[in-house]
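Asks: This structure is in structure tokens; I'll ask about it shortly.
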Amino acid sequence: MQSQSLGTERPVVRILAGVAGRSLTVMVGMAIGAVDALAARRDGSGRLPALQPVVAGVSGGAIAAAALALGLTRERARDIAIAYPERNVMGAKSFRSLLTQRALYPQARVRELAYAVVGDRTFADFALDPTSAGKPHERASSLLIPVYSAEHGTVLLPRDLPKLGLTDLSVADALVAATRIPGFLPAAAGLERVFDGGCQYRVPRDIFAPNPALVLDLYGPKPYDSRGGIVFPLLHPALPVIRSRPRPFQDKALRESTIFAHQSYGAALKVPAQSTEELFDTGYDIATTWIRSRTDEQLRTVVGPDVLGPPDDAAVDSLRPTA
């Protein structure tokens, strides 16, 4: 499940934004904070070109990935989060709808939130090189979204658009599909057999292999596996049993390349206790603190040798970690 070759002269920072669910605002804050902190460490004088985020987002992390791929500022991302608090996005529960429509939250406003982030853009608008020829699935993209297809298993958008019979797709619709937790949320129009990208792989680290990438995870390293896929056929008849959904943090190198928010496992399905503003600021602070606490050598291992800029003598003092 690898991304396409890149066609950009800006230094690329690869980020995997993980499962977020109802803690989406934390993940958005983490994503924006990580890039802001890396940019600050890269070159405080502004002499170097801006970073080019290439972001994969799983489940709710797909919305955070879209915000990052578009280069939304901290202020803009925070404003959108405040305008779409979790309670309004999810709407009211309906157990009747769960039985009749297989959606516990039938009035969810996920597409409204997604549209506030990406507008009318399609995957064609996320091509790294706008002048390159070819259809979206043939071009390197700054936004990568794994979704789960009832027919094909995990597919990666935009690369696998043809598997869904598509040549391009509204990214707002893709984000609805990517966050469609079975039994919880309704489908995007025309994507009735496409579901949350975390159905099979909770942490699909192979998307960026063999390149280094920074991983953002809502939880801690444990658990190493998630068993929720056992009940999928009860939630939707198109889905098979998925007995194992690995969280591969037994790998030490992966743990050291991951910013963990250390929320309790299952927080993605629970109503947050904090306000929207607090959730965003918490995520932002977690990521910026993690970046600042790492040495240049540690960060170059995580994000690649080009992201911080050349380690010349003039930059040494500005690149030192802070407490």
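The values are calculated or read from the model by the stated rules, or taken from the named source; none is laboratory data. All figures in this text were calculated on a predicted structure; none of them were measured in a lab. Glycine gets a Cβ as well: all are built from the backbone with ideal geometry, and neighbour counts include every protein chain shown. Just so you know, the surface numbers come from the protein's heavy atoms only, side chains and all, with ligands and any DNA or RNA stripped out. Shrake-Rupley method; radii C 1.70, N 1.55, O 1.52, S 1.80 Å.
Asks: Can you give me the three principal axis dimensions of the stretch 1-136 from its C-alpha atoms, in Å, biggest first?
Replies: 57, 36, 26
Asks: Could you give the size of the charge dipole of the chain about its Cα centre, using +1 on the Cβ of each K and R and -1 on the Cβ of each D and E, expressed in debye and rounded to the nearest 20?
Replies: Numbers: 36 positive and 32 negative charges, 226 e Å.
Around 1080 debye, computed over the chain.
Asks: May I have the extent of the alpha carbons of the chain along their three principal axes, as whole Å values ordered from largest to smallest?
Replies: Projected onto the principal axes, the Cα atoms of the chain cover 66, 46, 37 Å.
Asks: For the residue pair SER94 and ALA150, what label-to-label distance in nm results when each label sits 7 Å from Cα along the Cα-to-beta-carbon direction?
Replies: Each label point is offset 7 Å from its Cα along the Cβ direction, giving 2.0 nm.
Asks: Where does helix 74-83 land angle-wise versus the long Cα axis of the chain, in degrees 0 to 90, nearest 10?
Replies: It is inclined by approximately 20 degrees.
Asks: Still on this structure: Using a 10 Å Cβ count of at most 16 others and DSSP loop calls, identify the longest part of the chain lacking such chymotrypsin sites (Phe, Trp or Tyr not before Pro). List each step's numbers first, then the result.
Replies: Numbers: sites that count: TYR224, TYR265.
It runs 1-223.
Asks: Given DSSP loops and a limit of at most 16 other Cβ atoms within 10 Å, what is the longest stretch of the chain that contains no such GluC sites (Glu not before Pro)?
Replies: Longest site-free region, per DSSP loop and neighbour criteria: 10-150.
Asks: Using a Cα distance threshold of under 19 Å, what count of lysine pairs results for the chain when pairs must be 8 or more residues apart or interchain?
Replies: Count of close lysine pairs: 4.
Asks: Hey, what number do you get for the chain at 222 nm if only DSSP H runs of n ≥ 4 count, each worth -39500 (n - 2.57), divided across all residues, to the nearest 500?
Replies: -9000 deg cm²/dmol
Asks: Taking the simple approach of a point 7 Å from Cα along Cα-to-Cβ for both VAL241 and LYS135, what is their distance in nm?
Replies: Placing both labels 7 Å beyond Cα along the Cβ direction yields 3.7 nm.
Asks: Describe numerically, in nm with one decimal, the distance between label points set 7 Å from Cα along Cα→Cβ at GLU9 and at THR289.
Replies: Here the modelled spin labels are 4.0 nm apart.
Asks: Right, next: At a 1.4 Å probe radius, carbon and sulfur cover how many percent of the accessible area of the chain?
Replies: The C+S portion of the solvent-accessible surface of the chain is 51 percent.
Asks: While we're here: Measuring with a 1.4 Å probe in the full set of protein chains, what accessible area per residue, in whole Å², belongs to the chain?
Replies: About 44 Å² of surface per residue is accessible.
Asks: So, one more: Efficiency by 1/(1 + (r/R0)^6): what FRET value for ARG76 and TYR224, r their Cβ-Cβ distance, R0 = 35 Å, to the nearest 0.05?
Replies: Efficiency at R0 = 35 Å is approximately 0.45.
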